[in-house]
1. Exactly one condition in (1) crowded, with 17+ Cβ neighbours inside 10 Å; (2) farther than 30 Å from residue A:175 by Cβ is not met by residue A:80; state its number.
2. Taking the options A:123, A:174, A:183, name whichever one is more than 19 Å from residue A:213 (Cβ to Cβ) and more than 21 Å from the chain's Cα centre (by Cα).
3. Taking the condition surrounded by 15 or more Cβ atoms within 10 Å (Cβ to Cβ), touching a residue at least 12 places away in the same chain (Cβ under 8 Å), more than 24 Å from residue A:67 (Cα to Cα) and more than 14 Å from every other protein chain (Cβ to nearest Cβ), does residue A:150 pass?
4. Could you name every one of the helices (runs of 4 or more DSSP H) located completely within the stretch A:1-87 that has at least 2 residues being within 17 Å of residue A:129 (Cβ to Cβ)?
5. Surrounded by 22 or more Cβ atoms within 10 Å (Cβ to Cβ), within 30 Å of residue A:102 (Cα to Cα), more than 10 Å from chain B (Cβ to nearest Cβ) and touching a Leu at 6+ places or on another chain (Cβ under 9 Å): which single residue out of A:31, A:8 fits that description?
6. Listed residues A:43, A:75, A:56; which is in contact (Cβ under 8 Å) with a residue 12 or more places away in the chain and within 13 Å of chain B (Cβ to nearest Cβ)?
7. Could you please give the count of residues in the stretch A:104-127 that are within 17 Å of residue A:50 (Cβ to Cβ), in contact with a Ser or Thr (Cβ under 8 Å, 6 or more places away or on another chain) and of a type in the set (A, V, I, L, M, F, W, C)?
8. Hey, any hits in the stretch A:159-174 for a residue that's free of Cβ contacts under 8 Å to residues at least 24 places away in the same chain, in contact with a Phe, Trp or Tyr (Cβ under 9 Å, 6 or more places away or on another chain) and crowded, with 19+ Cβ neighbours inside 10 Å?
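The values are calculated or read from the model by the stated rules, or taken from the named source; none is laboratory data. Note that the coordinates shown come from a computational prediction; the quantities given were computed from them, not determined experimentally. When we count neighbours, we look across all protein chains shown, and the Cβ atoms used for this are built from the backbone with ideal geometry, even at glycine.
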Amino acid sequence: MNIFRLAGDMTHLASVLVLLLKIHTIKSCAGVSLKTQELYVIVFATRYLDIFTSFVSIYNSLMKLIFLGSSFSIVWYMRYHKAVHRTYDREQDTFRHWFLMLPCILLALLIHEKFTFFEVMWTFSLYLEAVAILPQLVLLQRTRNIDNLTGQYIFLLGGYRGFYILNWIYRYFTEPHYVHWITWISGLVQTLLYADFFYYYFLSWKNNKKLQLPA
Amino acid sequence: LSSASLKDEL
């Protein structure tokens with residue numbers, strides 16, 4: 001464990017807590033894409049298949065449970081909690097996210113480190129996570145004004161993988177044979193997808209005005 | 001072992 005990875009995990013944890021806070025306290029999911037949340041449930045479910053078979057550390061298992069639990073509960077809230085479900089703009093959140101999964105599963109079947117069920121599912125979850133934010137970013141372009149909590153959520157979610165990139169660079173230089181192109185490239189693509197969001201988020205913060213992505 | 005080391009990440 002290094003400081004970059006810890007910062008990444010804490011940023012990721014903060015992003016799901018911000019979203020849970022928004023949904024649980026103000027009972028609103030306005031501006032939040034249910035499609036992205038559903039993709040994240042699949043990302044964690046396929047990423048943590050080994051949660052009961054391989055034990056790395058208390059920290060590792062605890063964080064896996066938190067990410068699994070929070071992503072499932074966010075989807076549950078947005079789908080079945082009456083008050084929250086009412087604030088979900090279904091008309092705008094129309095990204096066909098199931099079509100995102102197909103190329104990811106095909107790519108995972110083609111490019112992976114080992115051709116085992118577990119490894120292919122794990123690689124699939126990496127590819128899927130890289131594109132999971134797309135429905136949310138599309139929704140952001142459509143809903144003109146977004147509230148601060150949603151903006152912070154996306155900012156933290158994008159930032160965590162950026163810290164992971166620093167972690168991979170650090171581990172590359174400190175651990176022999178630590179080379180994982182698949183993880184590195186999908187993590188880089190994932191972070192780059194946030195590039196324009198980060199730009200407009202920074203502008204809105206600098207000019208102290210509402211965050212608005214150009215249509 | 002390298003891929004195992006990667007699996008220590010979330």
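1. (1)
2. Working: A:123 fails: more than 21 Å from the chain's Cα centre (by Cα); A:183 fails: more than 21 Å from the chain's Cα centre (by Cα).
None of the others qualify; the one that does is A:174.
3. Details: surrounded by 15 or more Cβ atoms within 10 Å (Cβ to Cβ): yes; touching a residue at least 12 places away in the same chain (Cβ under 8 Å): yes; more than 24 Å from residue A:67 (Cα to Cα): no; more than 14 Å from every other protein chain (Cβ to nearest Cβ): yes.
Answer is no for this residue.
4. Values: elements: A:3-25, A:34-47, A:58-80, A:82-86.
Here the list reads A:3-25, A:34-47, A:58-80.
5. Details: A:8 fails: more than 10 Å from chain B (Cβ to nearest Cβ).
Among A:31, A:8, only A:31 is surrounded by 22 or more Cβ atoms within 10 Å (Cβ to Cβ), within 30 Å of residue A:102 (Cα to Cα), more than 10 Å from chain B (Cβ to nearest Cβ) and touching a Leu at 6+ places or on another chain (Cβ under 9 Å).
6. Values: A:75 fails: within 13 Å of chain B (Cβ to nearest Cβ); A:56 fails: in contact (Cβ under 8 Å) with a residue 12 or more places away in the chain.
That would be A:43, the only listed residue that is in contact (Cβ under 8 Å) with a residue 12 or more places away in the chain and within 13 Å of chain B (Cβ to nearest Cβ).
7. Keep residues of the stretch A:104-127 that are within 17 Å of residue A:50 (Cβ to Cβ), which gives A:108, A:112-126.
If we keep only those that are in contact with a Ser or Thr (Cβ under 8 Å, 6 or more places away or on another chain) too, we end up with A:108, A:112-114, A:119, A:121-122, A:124-126.
After this cut, where a residue has to be of a type in the set (A, V, I, L, M, F, W, C) as well, the list is A:108, A:121-122, A:124, A:126.
The number of residues fulfilling the criteria is 5.
8. yes
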